[in-house]
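The values are calculated or read from the model by the stated rules, or taken from the named source; none is laboratory data. Just so we're clear, the structure is a prediction, and the values are computed from it rather than from any experiment. So basically every Cβ, Gly included, is an ideal-geometry build from the backbone, and we count neighbours across all protein chains shown. With ligands, DNA and RNA removed, areas are computed over all heavy atoms of the protein, side chains included. Shrake-Rupley method; radii C 1.70, N 1.55, O 1.52, S 1.80 Å.
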Amino acid sequence: MVGESPDPVQSPNKDHLLVTDPEVLAGYCRDASPLIGSPEGLLRPDSAQEVAFWLREAVARGVPVTPCGLRSSTTGSGLASSGWALSCERLQSPLELDSERSIATVGAGVVLRDFKDELESHGWFYPPDPTSERECSMGGTVACDASGARSYRYGPTHRWLRGLEVALMDGSVRWFRRRLVEKDASGYACLRDLVDLFCGSEGTLGVITRVEVDLLPKPEAFLGALAFFDSVASALHFVGQARQEQRRGTSIQPRCLELLDATCLEIMRQQDSGVIIPNGAGAAIFFEEEHLAGEEDRVLAAWWSLLESFAGSYAADTVVATDRARKEELRSLRHAVPAHLNEEGARFMEHGGKKLSTDWAVPFEHLARFMVDADGWLEEAGIHRVARFGHVGNGHPHYNLMLKDGAEVERGERVVRRMCERACELGGTISAEHGVGKVKRAYARYRFSELELAAMQALKKLLDPAELLAPGNLFP
Ligand SMILES: Cc1cc2nc3c(=O)[nH]c(=O)nc-3n(C[C@H](O)[C@H](O)[C@H](O)COP(=O)(O)OP(=O)(O)OC[C@H]3O[C@@H](n4cnc5c(N)ncnc54)[C@H](O)[C@@H]3O)c2cc1C
């Protein structure tokens, strides 16, 4: 193959050699984190057996090997700092649909959005919806337990997993599946099947080659809306009320509850869109709700009455999207915010600055107080340009600190560390969706006790005795 070395190591697929061409390797040195990888070789197997072959080879030669999907990780978890990068992009086994059991199986290298689109054409729905769904692989979403806005209603990836085909360091390929019974009281609940062990493992335990998931019938219809408030505090109070209504089983049953703060609204005002953002609004909540055909008015009336009764809301200015074009307009407007911030962050890099994003989450009941404290810490540190958006329904807003230079970066990182420590003290986490990777492993001790870390390390040792898989990920 052009650009591939005549290395004597040759896999069962004779076209696939160990690639050592620096130009090809360069394409596998970056992901969405600020880190840079330095793999010495690249593998692009196209079958589980070929992956297993390379893992055996890595063990025989004592070479570290880091799996990667489509390298959209924000934590550097798919970057090899040494040894081989093992790309799963060619693990493309096509969709197998079992409509009888509402289950689908697909190759780990398939792009999440492509998988979802194909399912939708058959009338099925797979809920996990990371914003990066067009840029990430099925295997990557499992390895990071990815989630998105709709995880408010449907939970993260692990909730949808039925089984995983995994290539292990002993050179075997095995299927791990959930039990088929609805109840099972045998043994440790967390180890009754090993599916969840690989979910969130960030490449450290084995290479996922095929993914089997539960499906739902595609919802008949849904509506989306952007509601405006005078402040973040009012917006969070509104979210609390919506959550209560939902628990009471009223017509308010959102599938997402997403915050956009004043900085985000300012960016949205600059976009060329038909959406009018009221002057004075200091925050917005984007929500979606599914409904049966013909039930739209009933659902809207319920939200309307909640918004109208709410002191801090600009109820009359609420933007409702029921048709495809309007929904797309609202989606693009929301997505313009991270795109704008990324560009701004890239400009700051010239002066040693950057955009620093958080992924912590706290239990919802602590969120409003926590955000007041976090804003105070940022103020004290002299960090003034901050955009807060995301999954507040789950206690999981992303703080985006726009840091102009190296001095601000240092102060910003100190505040983020403080946020992570405090979030864990409150029963929260350092990462609710992007994973720990290499970037956040310094905070792992806030999240895990010594016993939890020792248990994780013992399991790793069992599956990867020479500790060659994804070194540098996850563990402090
Ligand atoms: C703009 C943007 C928006 C994002 N939004 C979200 C979001 O809303 N929600 C969210 O959860 N994440 C989000 N992410 C993060 C990222 O997209 C997810 O973590 C995604 O799941 C990574 O998938 P990937 O295929 O790119 O994996 P990679 O980045 O290539 O790898 C990530 C990790 O998975 C492991 N891995 C990958 N494939 C396999 C495999 N087959 N077997 C074993 N291990 C494997 C790697 O070793 C690594 O540890 C976002 C990223 C970007 C850039």
Formal net charge of residues neighbouring residue 34 (Cβ-Cβ distance under 10 Å; K, R +1; D, E -1): +2
What number comes out for accessible area per residue over the range 60-167 if the probe is 1.4 Å? Units Å², please. 34 Å²
Determine the sum of side-chain charges near residue 68: Lys and Arg each +1, Asp and Glu each -1, restricted to other residues whose C-beta is under 14 angstrom from that of residue 68. +1
If ligands, DNA and RNA are left out, what is the accessible area of residue 436 with a 1.4 Å probe, given in Å² to the nearest 10? 10 Å²
For helix 232-247, what angle does its Cα long axis make with the longest principal axis of the chain, in degrees from 0 to 90 and rounded to 10? 80 degrees
Where does helix 112-121 land angle-wise versus the long Cα axis of the chain, in degrees 0 to 90, nearest 10? 70 degrees
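Based on Cβ point charges of +1 for Lys and Arg and -1 for Asp and Glu, what charge dipole magnitude is obtained for the chain about its Cα centre, in debye rounded to the nearest 20?
Details: 53 positive and 69 negative charges, 189 e Å.
So the dipole magnitude of the chain works out to roughly 900 debye.
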Quick one: angle between helix 364-380 and the longest Cα principal axis of the chain, in degrees between 0 and 90, rounded to 10, please. 90 degrees
Of every hundred units of 1.4 Å-probe accessible area on the chain, the number belonging to carbon and sulfur atoms, as a percent, is 50 percent
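What number, in percent, do you get for the relative contact order of the chain if the mean sequence gap of Cα pairs under 8 Å and at least 6 apart is divided by its residue count? All intermediate terms of the calculation are to be shown ahead of the outcome.
Values: 994 pairs, mean separation 71.1, N = 476.
Answer for the chain is 15 percent.
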Could you list which residues have their amide H under 5 Å from that of residue 30, counting only those 5 or more apart in sequence or on another chain, with H placed in the peptide plane? 37
Would you check the accessible area of residue 158, probe 1.4 Å, heavy atoms only, in square angstrom rounded to 10? 70 Å²
Between the range 81-127 and the range 287-329, what's the alpha-carbon centroid distance in Å? 33 Å
As straight-line cross-link partners of residue 404, the qualifying lysines (C-alpha separation under 19 Å, not fewer than 8 residues apart within one chain) are 354, 355
Per residue accessible area in Å² of the range 212-342, where ligands, DNA and RNA are left out and the probe is 1.4 Å: 44 Å²
